[in-house]
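The values are calculated or read from the model by the stated rules, or taken from the named source; none is laboratory data. Given the structure is predicted, the values throughout are model-derived calculations rather than measurements. Glycine gets a Cβ as well: all are built from the backbone with ideal geometry, and neighbour counts include every protein chain shown.
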Amino acid sequence: MTCRTFQSLLESFADNELDPSQVAQAREHLKSCDICREEYTSTLALKQLLSTPTVPDPDPGYWDEVTDLILARSVRSTSEYFREPGPAARPGLFDSSLTRATLSVAASLAILFMALFLGETHESQADRIAMTEQAMIETSSMVALINSDSEETMWTPEDQQRLTGCLTIMGPPGMMGRLTDLSDLTGVE
Amino acid sequence: MTETIPELVKRFTEGDSDAFAELVSRYQKKIYHLAYQILGNHLDADEVVQESFVRVYRKRKDLARVTNFTSFVIRIATNYSIDLVRKRRGHNQVSSDPTLMPGDVQVELSKNVSTPREDFENKRLMEEIRRALDTLPPRQKITALLHDVEGYSKPEIAEILECPEATVRSNLHIARTKLKKILKKRLS
C-alpha cells in the first residue's frame with residue numbers, strides 16, 4: 001500500500017470501517033511508514049480526546065420539570081387534539097331557526113320603537129326651545145316698559161323701587177356689598 | 001414490556017398524549033447531551049430540548065411519513081442548535097479565563113476529579129477542545145460531535161443532516177484535520 005492510498009483510507013481505518021484485507025494492508029504499511037503512523041496515531045488520539053469530555057447531569061428534578069414544560073407548551077396548549085370523544089352536545093337555545101327568526105323580529109321592533117321615542121323627544125325639545133324664545137321676547141318687552149317714561153306704565157313707583165333694588169343686588173359684584181341695605185332697597189323686612 | 005419507538009410513534013400520531021410524554025422521556029437526555037456538546041452550556045441545551053420536542057409535536061401529522069424517528073428528532077435538535085450557534089456567534093461566548101466555562105460553569109472532564117489541580121487541568125482541557133470546535137463551521141462541528149462524541153454512524157449523520165454520505169465523510173475529514181492542527185500539543 002502506498003502512502004497516498006493509506007491517506008485515502010485513514011479515516012475509515014480509524015473508524016473501523018475497512019474490510020479485513022484492507023486492514024491487514026494498512027497495518028503492514030504502518031510498520032514501514034513513520035509519517036502515516038504518526039498521522040494515524042494523532043487521528044486516534046483526537047477521537048479519544050473528543051470523546052473524553054462528559055456533559056454534567058443537571059439536577060435530579062430537571063428531567064421531570066422539562067417534561068412538564070414541554071407538555072405544557074404542546075399537548076396542554078392544544079388539548080383539542082387529545083380530547084376524549086364525549087356525548088353529543090345538546091342543541092343550544094339559539095340553535096332553532098324559529099327562535100332565531102323570532103329574535104330577529106323582536107330586535108327589529110325594538111329598533112322601530114326606539115326610533116319613534118327618540119323622534120318624539122326631539123319634538124318636545126323643539127317645543128321647549130320655542131317657549132324659551134317666547135319668554136325672552138316677553139321679558140325684553142317688560143324691560144323696555146320699565147325703562148320707558150310713559151304715564152301708562154303698569155308699574156307703581158314702589159314696584160319700580162323694589163325691581164331696581166333686585167337688579168342692583170343681582171348686578172355687578174361690587175354691588176353685593178350693599179346687601180345690608182337690602183331691606184331699604186326692596187322694602188322687604 | 002417496554003414499547004418500541006415505532007409503537008410509541010404510532011400511538012402518538014393517533015392522539016395518545018402518554019405516548020408523546022414517553023417519547024420525550026426517552027429522547028430528552030440524548031438531545032440535551034448533544035446540545036450541550038454543541039452549545040457548551042445548560043441554558044442553551046435546555047432551550048434546544050424544549051424547542052425540539054415542541055417542534056416534533058407540531059409536526060406530528062408528518063410523522064406517518066417518517067421512517068426513522070431518532071434521525072427525525074435529532075435532525076430537529078441539530079438544526080435548532082445550528083441556529084443558536086449562528087445566533088450566539090456575535091456574542092463572545094468563549095470565556096477568556098481558561099478556568100471558566102462558557103455559560104454556566106458545570107463541565108468537568110471526568111467524574112473522578114479529586115484535587116483542585118486536576119479539576120483545573122480538566123477544565124482547561126475542556127476549554128481548549130471547545131475553543132478548537134468553535135473555530136469550525138457549524139456543520140463540520142456537528143458532524144465531528146455526532147460521529148466522534150455521540151457515536152452516530154456516517155449513514156445516520158447523513159440522514160440527520162439531510163446530506164449525502166460523501167459530504168459527511170468530507171466534513172469529518174476537514175474537521176479532524178483542522179482539530180489536529182489546533183490541538184497538536186495535546187495530541188503529541
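Key figures for this structure:
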read-out	value
Breaking point among (1) modelled with pLDDT under 85; (2) assigned to a helix (DSSP H, G or I), for A:Pro91	(2)
Qualifying residue in the stretch B:56-67 (condition: within 17 Å of the chain's Cα centre (by Cα), hydrophobic (A, V, I, L, M, F, W, C) and at pLDDT 85 or above)	yes
Test: B:Leu39 is at pLDDT 90 or above and crowded, with 19+ Cβ neighbours inside 10 Å	no
Test result for B:Val85, part of a helix (DSSP H, G or I) and either at pLDDT below 85 or over 29 Å from B:Lys10 (Cβ atoms) (or both)	yes
Of all residues making up the stretch A:7-32, the number that are assigned to a helix (DSSP H, G or I) and away from every other protein chain (no Cβ under 14 Å)	13
Residue in the stretch B:7-18 that is among the aliphatic types (A, V, I, L, M) and at the interface with another protein chain (Cβ under 10 Å from one of its Cβ atoms) present	no
Long-range neighbours under 7 Å by Cβ, at least six apart or interchain, first residue at the interface with chain A (Cβ under 8 Å from one of its Cβ atoms) within the stretch B:38-60, second of a type in the set (Lys, Arg)	B:Gln50/A:Arg73; B:Val54/A:Arg73
Search result, residues across the stretch B:61-75 that are of a type in the set (Val, Ile, Thr) and either more than 13 Å from every other protein chain (Cβ to nearest Cβ) or not in a helix (DSSP H, G or I) (or both)	B:Val66, B:Thr67, B:Thr70, B:Ile74
